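To start, the structure itself, in C-alpha cells.
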Amino acid sequence: MKKKVLGLLLAATMSIGMLAGCGGSGSADTSASTDTAATTEEAAPAADTSSEEAAPAAAASGEGKTYALVTKSAGNAFMELLGQGFKEAVEASGGTAIIKDPASATADAQISEISSLISQGVDSILVAANDENALQAVLQEASDAGIKILTVDSDVAANSRAVFVNQASTELIGQTLLDACYDIAGGEGQYAILSATSQATNQNAWIEAMKAAAEADSKYANLELVEVAYGDDEPQKSTDQTQALLEKYPDLKVICAPTTVGIAAAAKVLQDSGSSVKLTGLGLPSEMVEYIGEDDAHSCPYMYLWNMIDLGNLAGYTSVALVNGDLTGAVGDTYEAGSMGTFEVVDVNGATQVILGNPFKFDASNVQEWADKGM
Amino acid sequence: MAGKSGREISAVPEGGLKEKLLTWEGALILIFVAVNILGVIISPVYNATNVLREMPKYLAEAFMVFGMGYILVLGDIDISVGSIVCLSATMACFAGNAGLPFGVVVLVCVLTGLCCGMFNGLIATKFTELPTMIVTLGTQIVFRGIAEVSLGSGGSISMQNTEGLSLIAKKIGPFPISFFVLLIFAIVFITLLSKTTFGRKLYAIGSNQTAAKYAGINVQGSRFFCFSLLGFLSGVSALFLLSTLYGANTTTGNGFEMEVIAMCVFGGIATTGGKGNLIGGFIAAFIIFCLKIALGQRNINTQLILVIIGLMLIVSVVIPGLGSYFGAKKKSTTK
Amino acid sequence: MKKKSLWQTLTGSREMSLVAVLIVLLIVITILSPSFLSPTNISQIFRNNALTLLMAIGMLCVMLTAGIDISITSTLAFAGMTIGMLQKYDVIHNTFLLFLIGTGIGIVCGLLNGVIIAKAKVAPIICTMGFMYIWRGMAYVVSGNAWASGADVAGFSDFGKEGSPGPYIILIVAYVIFFIVMKWTRFGRKIYAVGSNAEAARISGINVDRTVISVYTIMGLLAGLAGVLSVSIYASAQPNMQYAKEMDVIAACVIGGVSMNGGRGSVAGTFLGALIIAIIAKALPLVGIDAIAQNLVKGIIILAVVILNVITQRMMDHQNLVRREM
C-alpha cells in the first residue's frame, strides 16, 4: 500500500517535472527556434519558386547559419577527411559546421542522427548515405521542416535530396578501373573484384559500370571477370576472400578492390605471399604506401581515388550555396565553390549531380607525398 | 508466497538499501526525471515537441522489451531479435511491392516474426540441453542470412507504396500512434506477468525449473509460448521501424538484441531468471531513449554515448550487489 | 560387432565425435575443392583464425566457471587500437613493449570484469555487456576517427606476417600451457570445481572469488594479446575490428563441448570446436557457394553441429544407462 502511494507520488512529481521542464525549455527556447523558423521560411519559398532572379542576392557567406554533415560511421578515416574538408569550407563561409558520426555504419543509426539535427534546426544536412532507400522518410521530414538536403559520396533516391555531390561520375570510375585491369593484365586474362558488403551502394554502382564498360567495347573481350567477392570491409574476411580467389583461380592476373579496407587487406596478402597477381582499385594513399610500386616486390602498381578533402570542401560550399539560394539543385545551375571555382549541376540518368572531377591516379611517384599530406 | 504480484520477488535485495531507494522502479522514475532535467539543461532544443518527434524510431525498439522481459524472467535469453526484425521488415517490403494490400503486409510482417520466434521456441524446447544463447546465436545468423539471400545483390529494398506506412506513422496530437500501441501492449503484458497465474508460473520456472515442472507447470509449453511471443513482438517492432525507414536492408536491426537486453537489465530484470518486472524495463527503455536524444542534440560523440550507457548498466547492477555485499559484512561483524 | 564398437568409440567421447564431425566436414570440402588440405591452406587457416583460436581458451576457462564474457572483442579493439595509435604517432615501435602494453590493457579490462562479477555478484553476461559498450567506445575515442595502417605498423607487422612463425608459436605455447594447466595443476582443478559446484568448492577451502577473478583476468589477457596479434597479422588497426566476433568464440567453445552451465569442457574439445569454425570460414568462399549465401550456410552449419552434439550426448547417456542395466 505504502509503495503504491509512493509510486503515485513519484509519478505525479515526474509529470509535473516533465511539464515544467517542457514549459521552461519551450519559453527559454522560443527566441532561438523562431529565429531558425524565420530563416527557413525565408529560404523555402525562394527554393520553391526556383526562379534565379527571385533568389535573394545574399552575400556568398553562411554567416550565422548551421550546416550539418552525417557521415557513414564513426571511426572511419575516409569519412574523417571528408569531414575535415567540409568543416574548412563551411567555416571559410562564416557558418558553423556540425559533423555527426553515427555509431555504426547502418541506415538505422543515420536516422537517429538526422532526426536529432532536425530538432536542432540546422539549415542544411549533407548525408553520405548508408542505404539508398531507408533514409527516405526521415529526409522527407527534414525537408518539410525547411532543411536543405544534399548527399555526398553515396546517393539516395533523387527525389529525397536537392543535389548529389559526386566524387567522379560512376561511368568514369567504372571505365577507369576496367582500363587499369586491362592495362595491368596486359590486355587479356582473368580478373576478380573484391568489394565491401553486398549492399554497399557505390561499390555496386561502380562494379555495374565496369561490367557495362566491358560489354560496350570488344577490346575487353579477352578480359574475363571471374568473380565478385565480398570482404565486408573487415580485414579478416577480406583476407580470407583474397586467399580464396588466389586458390580458386590459379590463372588470375588482377584483383580490383574498389574499397579502402579491401584493397589494403588484399595488398598485404598478395605482397606477403609474393604472388604474381597484381592489384588495383580505390584506396587511401596513407593505407597503401607500403604496397604501391612498379616492381615485383610491391603488389599494387597503381590505384585511384579522389581528393577526399576537396570533396568535403565542395560539399561544404554546395551546402552554403543551397542554403543562401545561389543554387536550387536544378540542372544547369552554376555556383561558386569558394577557391575551387565554378561548378555546374548536371543530369546523370535522371539524378542531379555536381561532379568533383576525374579519379586521381596514385602510383609510386606520388603516393608518399599524398600520404604525408594526411590522406 | 508469490504475493500479489511479481514485484515481491524483485531484483532489489531486502535490507538497508530498500529503505533508501524504496524500490528499483521508484529509483528508475527518479532517474527518468533526472535525465529529462539534464536534457533541458544541456540542450536548448530539448522540449516535448522535439523529443516526441525523434521518438518513433526508438519506440519501435521498445516493443521487444516485453517479450525479452518474459524470456529473461524464464532464465532464458534470445539474441536473434535483431535478425528477426530484419527478416520481418524485408518480407513485409516484398509483400508490399508485390501489390498486396496493406493489411496483408502487416500480417506478413508480424507472422514472419511469429514464425521465427516459434522456430526458436521449437529448438529451445526440443533440445533443452542447449543453452538458448547458443540456439539463438545460430538462428541469429540464419534469419539474417535468409534476409540477405532474398535481398540478393544490392542488399536493400524500398517499400514502393508508402501509404499504409505513413498511416501508422501518423500522430494523434503530438503523440505518434506507436506510442499508444506501445502503451496498450505495456498494460496488457505488464498485467499478464504480474497479475495472472500465467505470469506467476513464469517466475516459478525462472526460479527453479525442476521444481516448477514437478509442481505441474507446463515448463516447455510456457517457454515455447514466450519465444513465439518475442518473435511476434519483433515483427511488430519491424512494422513500426518500417514506418520510419520505408525500406529494409541487410543491416536493419543490427545490434537491437543487446540494446533490448540492456533495457531489461537496467530495468531490474535479472538474466538469471525469476526476478524483476516489466514496469522497470519499460521505464528503463524511456530513460535510455531520452538520454540518447538529449546527448544527440548536444552532438556528443555517439561512441561516448555508448560508453555512458555501458557505465549506467554496470552501475545499476553493481549497486544492489554492493548493498548485499556490505549488508553481509555488517551482519557478520555484528555477530 | 566390430561396427558397434566403432560406433561406441565415436559416441563414447565428445572429442572423438568432434573429430568425426571434422573428418566429415573435411571430406565434403575436399570433394568440392580438392586442394583444400594443402600446407599453405592449412597454415592460412591457423593464421587467419589465430584470434578466435586464442580467445577460445580464455572463453573455455570463463565458461567452466559457468560464466560468459561478451566484452572480449571490445577489449581486443581497445588494446589493438591503442598500440596502433602508439605506433602511428611514433611513440613506441618496440614490438616486445607493444605486446606488453596490449596484454597489459587486456589484463586490466579482464580484472575489472572479474572483480565486479566476483565481488558485486553481478551476472557475467550483464557485466561484460556493459564493458562491451565501454571498451568499444574507448577504442573509438582512442582512434580519434583515424586508422593505423601498413606503413604505421611496419616492422611490428613482421611478427604476424605470412611466413613468420610468430602467430603459430603464440598459439602452440598458449594451447600447451593451458592443456597442462587445466589437466594437471591445482589451479585447473579449482576452475572445474568452482564451475561444477561453487558452494562445494567454497566449503572444501577454495577461494571461489579469487578463482573467478583470475579466470576473467586470463580472458582479458588473451583478448589483449589477440588485439596485438590482430594488428600484427592484418597490419591494420580500426576501431570496429572484430566487431561482434565474440559470438564466434562462444560458438567455438559450445561446439567443442564446453557446457555453459560450467564444469564441463576441455582444451582439446575447445581446440576442435574453434578449428571447425575456422575451417567453415576458410572453406565457404572456396567451395563455390554464392557470396550472398555464405552467412546463411555458416549459420545452418553451426546450428546443425550444435544440435548434433546434443543428439550424440543423448546417445552417450542412453548407452551408459544400457550398460549399467546390463
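Please name whichever of C:Thr128, C:Ser149, A:Leu327 sits farthest to the positive end of the charge dipole of the protein assembly as shown, dipole taken about the Cα centre and charges placed at Cβ: Lys and Arg +1, Asp and Glu -1.
It is C:Thr128.
Under DSSP H, which helices of chain C have Cα atoms covering 20 Å or more of the helix axis and a Kyte-Doolittle average no less than 0.0?
Working: long enough: C:14-32 (27 Å, 2.53); C:50-64 (22 Å, 2.56); C:72-88 (23 Å, 0.92); C:95-119 (35 Å, 1.96); C:124-143 (28 Å, 1.14); C:166-184 (27 Å, 2.04); C:208-234 (39 Å, 1.47); C:267-286 (28 Å, 2.11); C:294-325 (46 Å, 0.46).
Flagged H segments are C:14-32, C:50-64, C:72-88, C:95-119, C:124-143, C:166-184, C:208-234, C:267-286, C:294-325.
Which of rounded, prolate, oblate describes chain C, given a ≥ b ≥ c as roots of the alpha-carbon gyration tensor eigenvalues and a/c under 1.5 marking rounded, otherwise prolate only if a/b is larger than b/c?
oblate
Along the stretch B:267-278, what does the Karplus equation 6.51 cos²θ - 1.76 cosθ + 1.60 (θ = phi - 60°) give for ³J(HN,Hα), rounded to whole Hz, x for Gly and Pro?
Computed from phi, the couplings for the stretch B:267-278 are x, x, 8, 7, 6, 7, x, x, 10, x, 9, 5 Hz.
With each pseudo-label sitting 7 Å past Cα toward Cβ, what's the A:Asp372-C:Phe46 distance in nm, one decimal?
Result for the modelled spin labels: 4.3 nm.
Compute a Gaussian network model of chain B, connecting alpha carbons closer than 10 Å, and tell me which residue from B:Ile305, B:Ile190, B:Ile157 fluctuates the most.
Maximum fluctuation in the GNM of chain B, among the listed residues, is at B:Ile305.
Here is the link list: B:Lys57/B:Lys171; B:Lys275/C:Lys121; A:Lys253/A:Lys278; A:Lys361/C:Lys88; B:Lys126/B:Lys213; B:Lys57/C:Lys245. Which ones come out longer than 18 Å on Cα distance?
A:Lys361/C:Lys88; B:Lys57/C:Lys245
Among A:Tyr220, B:Tyr203, rank each residue by its count of other Cβ atoms within 10 Å, from fewest to most, as a rough exposure measure.
Starting with the residue having the fewest Cβ neighbours, the order is A:Tyr220, B:Tyr203.
Charges on Cβ only, +1 for Lys and Arg, -1 for Asp and Glu, centred on the Cα centroid of the protein assembly as shown; of C:Tyr89, A:Ala92, C:Tyr243, which one is farthest towards the dipole's positive end?
The listed residue farthest towards the positive side: C:Tyr243.
Can you put C:His93, A:His298, C:His318 in order of Cβ neighbours within 10 angstrom, beginning with the fewest?
Taking fewest neighbouring Cβ atoms as first place, the list is C:His318, C:His93, A:His298.
Have a look at the DSSP beta bridges in the protein assembly as shown and tell me what percent are antiparallel, nearest 5.
Antiparallel: roughly 30 percent of the beta bridges in the protein assembly as shown.
Going by amide H atoms built from the backbone, whose H comes under 5 Å of the H on C:Gly262, apart from near neighbours?
Amide H neighbours of C:Gly262: C:Ala66.
Name all residues of the stretch A:163-183 having a backbone nitrogen under 12 Å from the label point set 7 Å from the Cα of A:Val346 along its Cα→Cβ direction, giving them as ranges.
A:166-173
Taking 23 Å as the cut-off for C-alpha to C-alpha distance, list the pairs among A:Lys72/B:Lys292; A:Lys100/A:Lys148; A:Lys237/C:Lys183 that go past it.
With Cα atoms farther than 23 Å apart: A:Lys237/C:Lys183.
Please compute the modelled spin-label separation between A:Thr96 and B:Ile319, points set 7 Å along Cα→Cβ, answer in nm with one decimal.
The two pseudo-label positions are separated by 3.4 nm.
With a/c under 1.5 counting as rounded, go ahead and sort the stretch C:31-179 into rounded, prolate or oblate using the C-alpha gyration tensor (a ≥ b ≥ c being the square roots of the eigenvalues; past the cut-off, prolate if a/b is larger than b/c, else oblate).
It comes out oblate by the Cα gyration axes.
Excluding A:Val138 itself, what net charge comes from residues whose Cβ is under 14 Å from its Cβ, given Lys and Arg +1 and Asp and Glu -1?
That works out to -3.
Taking the Cβ of C:Val181 as the centre, find all other residues whose Cβ is under 12 Å away and add up their charges (Lys, Arg: +1; Asp, Glu: -1).
The answer is +4.
Report the residues of the stretch A:258-285 in range of a label on A:Asp183: point 7 Å along Cα→C-beta, backbone N strictly under 14 Å from it.
Under 14 Å, as judged by backbone N against the label point of A:Asp183, lie A:279-282 of the stretch A:258-285.
Can you find, among C:Thr30, C:Val115, C:Gln44, the residue sitting farthest towards the positive end of the charge dipole of the stretch C:1-127, where Lys and Arg contribute +1 and Asp and Glu -1 at Cβ?
So the residue we want is C:Thr30.
Within a 10 angstrom radius of the beta carbon, how do C:Thr75, A:Thr106, B:Thr197, B:Thr139 rank from fewest other beta carbons to most?
Ordered from fewest to most neighbouring Cβ atoms within 10 Å, C:Thr75, A:Thr106, B:Thr197, B:Thr139 come out as B:Thr197, A:Thr106, B:Thr139, C:Thr75.
Reachable aspartates and glutamates from A:Lys65, Cα under 19 Å, same-chain residues fewer than 8 places away excluded?
A:Asp29, A:Asp35, A:Glu41, A:Glu42, A:Glu88, A:Glu91, A:Glu113, A:Asp123, A:Asp144, A:Asp326, A:Glu336
With the cut-off at 1.5 for a/c, could you classify the protein assembly as shown from its C-alpha gyration tensor as rounded, prolate or oblate? Spell out each step's value before the answer.
Values: a/c = 1.71, a/b = 1.14, b/c = 1.50.
Oblate is the answer for the protein assembly as shown, as a/c is 1.5 or above yet b/c matches or exceeds a/b.
Given springs between every Cα pair under 10 Å in a Gaussian network model of chain C, which of C:Gly67, C:Gly195, C:Gly130 has the largest fluctuation?
C:Gly130
Does anyone have the angle between helix B:177-195 and the longest principal axis of chain B? Alpha-carbon axes, 0 to 90°, nearest 10?
Orientation of helix B:177-195: about 40 degrees from the principal axis.
None of the figures in this text is laboratory data; all of them are computed from the coordinates on show. Source: prediction; values computed, not measured. Because the Cβ atoms are built from the backbone with ideal geometry, glycine has one as well, and the counts that use them run over all protein chains shown.
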